[in-house]
1. From the square roots a ≥ b ≥ c of the eigenvalues of the alpha-carbon gyration tensor of the chain, which class results: rounded (a/c under 1.5), prolate (a/b over b/c), or oblate?
2. Where in the chain is the longest stretch that carries no GluC sites (Glu not before Pro) classed as loop by DSSP and with at most 16 other Cβ atoms within 10 Å?
3. Express as a percent, rounded to the nearest 5, the fraction of DSSP beta bridges in segment 2-90 (both residues included) that run antiparallel.
4. Suppose every K and R has +1 on its Cβ and every D and E has -1 on its Cβ; what is the size of the dipole of the chain about the Cα centre, in Debye to the nearest 20?
5. Could you list 32, 22, 59 in order of exposure, starting from the residue whose Cβ has the fewest other Cβ atoms within 10 Å?
Amino acid sequence: TVAEIVEQATAANSVHNITGALAYNGRNFCQLLEGEETAVRRLVANIIADDRHSGFKILDEKPITTRHFDSWSMQLVDRLDFSVVINAMEA
């Protein structure tokens, strides 16, 4: 379930000091990850290698000085659109 995904991601991300948000619209996920570049790249490689995922795309990558979701190891954003995640990417 989506709740199990968020629970597992929260535990794993907190160990690696990765923060972010996960949005799910009933069909697709949109995720924003923040953290040390090596840790985030390692996580992305793990996500890509996981056969439960398909159609994976990186929409944007950029260095940041301040985290948008600094208190969320992984937070599920309960929205039918991805505006919370997209707006954070544009900040």
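Coordinate-derived values only; no laboratory data. Quantities reported herein were computed from a predicted structural model and do not represent experimental measurements. Heads up, the Cβs are rebuilt from the backbone with ideal geometry, glycines too, and the neighbour counts pull from every protein chain shown.
1. rounded
2. 1-35
3. That works out to approximately 65 percent antiparallel.
4. Result for the chain is approximately 120 debye, rounded to the nearest 20.
5. 59, 22, 32
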